[in-house]
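Structure first, commentary second.
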């Protein structure tokens, strides 16, 4: 049921009543605008795209918290999303009704984020917020996603420059002795930091010279580090151990006995290592080793990948050793490290065309 009536003040009131009996109305200066609005509402109801105007009154914070509670995220991911929303989205958007947030508001908020965060982080935070709005659109809370077509800062992805072997040696020598085997493990297997910190004695097979990666140490705010699944299903893998790693791991427990749950690497208090606290160990190590100031623990993983590539391993092997989700992901990071094929191209063509041209010349002579 819909109608348009002229009000005493000269405005036109368009109204309609839903099957539930609830009435909605809106005022316009012109009758044609009122009719257009009613036509749009009618079309939305017929096509199943109708959005109740009252649904969008819920605040972004309230809807986002409902959204979070319904997601099937691992605990560490859930903690990360909560932290990003609390720090970067709620202060600006949290108390706004969902339907009041316009694309221009999102653009201004994004611009403000670029003044505080790296472009890649801005993209991640924007992606989380956009996912919440997409769900709201599917649930008919709002009519459209205001995050669509947001102009995001360009994230320049620098090419990986692997550490020289002599720098890796210096890092292993400079780090406190308690963590020397940790550096050798990371550089000799390419394991992620959480995988190294979460390695237990039972995951190392000294007889077969391999290590099994099927979990990592995860971190949730205000909680003790605990075991969790690897980054992706492909991250579950078995890595062959070179002798240098075997020797380091075999000697380590004699001086530093395994900690809780058999953890090979622990703090001086015998507790699981936290990423944040390890920074106080790593930064002085980088300085003492005279390594590039931006060197991170993850650079040991890049170093391992560069060794595999330098010694002729295929993309699939490198992917498997590193536990990447796909070979394309491996190429995105390391394609520039594979040997250039220009010389092989020249040799292949010369081996055919040059030989044929010589034979032709000999026949002509």
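The values are calculated or read from the model by the stated rules, or taken from the named source; none is laboratory data. Everything quoted here is computed from the prediction, not taken from an experiment. Cβ: placed from backbone, ideal geometry, glycine included. Neighbour counts: every protein chain shown.
Read through the list (1) without any contact (Cβ under 8 Å) to a residue 12 or more places away in the chain; (2) within 17 Å of residue 150 (Cα to Cα), then give the number of the only condition that residue 106 fails. Of (1) without any contact (Cβ under 8 Å) to a residue 12 or more places away in the chain; (2) within 17 Å of residue 150 (Cα to Cα), only one is false for residue 106: (1).
Candidates in the stretch 97-143 are the residues that are assigned to a loop (DSSP other than H, G, I, E, B) and exposed (fewer than 14 other Cβ atoms within 10 Å of the Cβ); of these, the one that is modelled with the highest pLDDT is 102.
Within the stretch 71-96, how many residues turn out to be more than 30 Å from residue 226 (Cβ to Cβ) and in contact with a strand residue (DSSP E or B) (Cβ under 6 Å, 6 or more places away or on another chain)? Selection size over the stretch 71-96: 1. Report whether or not residue 350 is loosely packed, with under 10 Cβ neighbours inside 10 Å and modelled with pLDDT under 90. No: the conditions fail for residue 350.
Go through the residues of the stretch 16-24 one by one and say whether even a single one is modelled with pLDDT under 80, crowded, with 16+ Cβ neighbours inside 10 Å and part of a strand (DSSP E or B). Scanning the stretch 16-24, I find at least one residue that is modelled with pLDDT under 80, crowded, with 16+ Cβ neighbours inside 10 Å and part of a strand (DSSP E or B), so the answer is yes. Between 262, 270, 198, the distinction of being farther than 28 Å from residue 326 by Cβ and in contact with a strand residue (DSSP E or B) (Cβ under 6 Å, 6 or more places away or on another chain) belongs to 262 only. Filter the stretch 281-291 for residues that are part of a loop (DSSP other than H, G, I, E, B) and surrounded by fewer than 16 Cβ atoms within 10 Å (Cβ to Cβ) and give the result. Listed by number, the list holds a single entry, 290.
Would you point out the residue of the stretch 57-77, among those that are in contact (Cβ under 8 Å) with a residue 24 or more places away in the chain and part of a helix (DSSP H, G or I), that is surrounded by the most Cβ atoms within 10 Å (Cβ to Cβ)? The selected residue is 64. Condition test on residue 151, is it farther than 24 Å from residue 78 by Cβ, at pLDDT 95 or above, outside the structural domain of residue 288 (by TED's automatic domain parsing) and surrounded by fewer than 18 Cβ atoms within 10 Å (Cβ to Cβ)? The answer is yes for residue 151.
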